[in-house]
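Structure first, commentary second.
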Amino acid sequence: PSFIRFLVQSVLFSLLVACTLTQPPPTNSAATDLRFVADTVRQIHPALSGTGPTRQAFDLLAQALEAKTSAATTPIEVYALSSRLLASLHDGHSLMFPSNAEKNLPLRFQWLVDGLVIAQTVESLGLEPGDEVLKLGGITPTMLLEKLRPFIPAENDGHIRALGAWLLPNANLLEALG
């Protein structure tokens with residue numbers, strides 16, 4: 001019963017986050033946008049109920065990230081700050097999806113034990129499924145894994161690899177990664 005309750009809470013939380021965070025923030029101000037995300041997550045995430053260490057760490061990080069918003073001048077930079085805040089929860093159900101699908105790479109990736117490979121591509125690129133990715137935008141797969149860590153809420157590298165492979169074609173994420 002407790003596992004079923006946890007599963008139901010996880011699904012409900014995922015739906016609440018998806019519904020709530022798809023609503024546009026109240027203004028275009030980076031600080032206001034980040035506050036909107038932080039306040040929304042505080043209201044609905046079960047790990048942030050009360051005043052325990054998780055809530056305290058979340059609040060401290062939210063304050064530190066808000067201090068960085070003066071340098072955030074693009075939506076991608078606000079996405080990067082918001083993603084770092086959500087990733088701090090280490091909850092795979094609390095992920096901010098970057099938009100701009102029309103600018104995505106026409107590729108799909110898969111992380112195998114041996115490294116990152118092309119899983120799906122278009123013929124015109126001259127790549128084949130199974131081709132090893134040595135660098136993406138000048139970044140090695142090992143470095144990509146580290147750069148993805150602040151964007152993906154996960155308890156382990158396997159989850160980062162799985163979600164990272166799925167998110168890597170996104171132009172906004174790639175820009176945020178540098």
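The values are calculated or read from the model by the stated rules, or taken from the named source; none is laboratory data. Quantities reported herein were computed from a predicted structural model and do not represent experimental measurements. Positions of Cβ are generated from backbone atoms using ideal geometry, with glycine treated the same way; all protein chains shown enter the neighbour counts. Ligands, DNA and RNA are excluded from the accessible area calculation, which covers all protein heavy atoms including side chains. Shrake-Rupley method; radii C 1.70, N 1.55, O 1.52, S 1.80 Å.
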Residue count, the range 134-160 (criterion: open to solvent by less than 80 Å² (accessible area, probe 1.4 Å), under 16 Å from residue 110 (Cα atoms) and in a helix (DSSP H, G or I)): 8
Pick from the range 88-111, criterion open to solvent by 80 Å² or more (accessible area, probe 1.4 Å) and out of contact with any helix residue (DSSP H, G or I) (no Cβ under 7 Å at 6 or more places or on another chain), ranking: modelled with the lowest pLDDT: 102
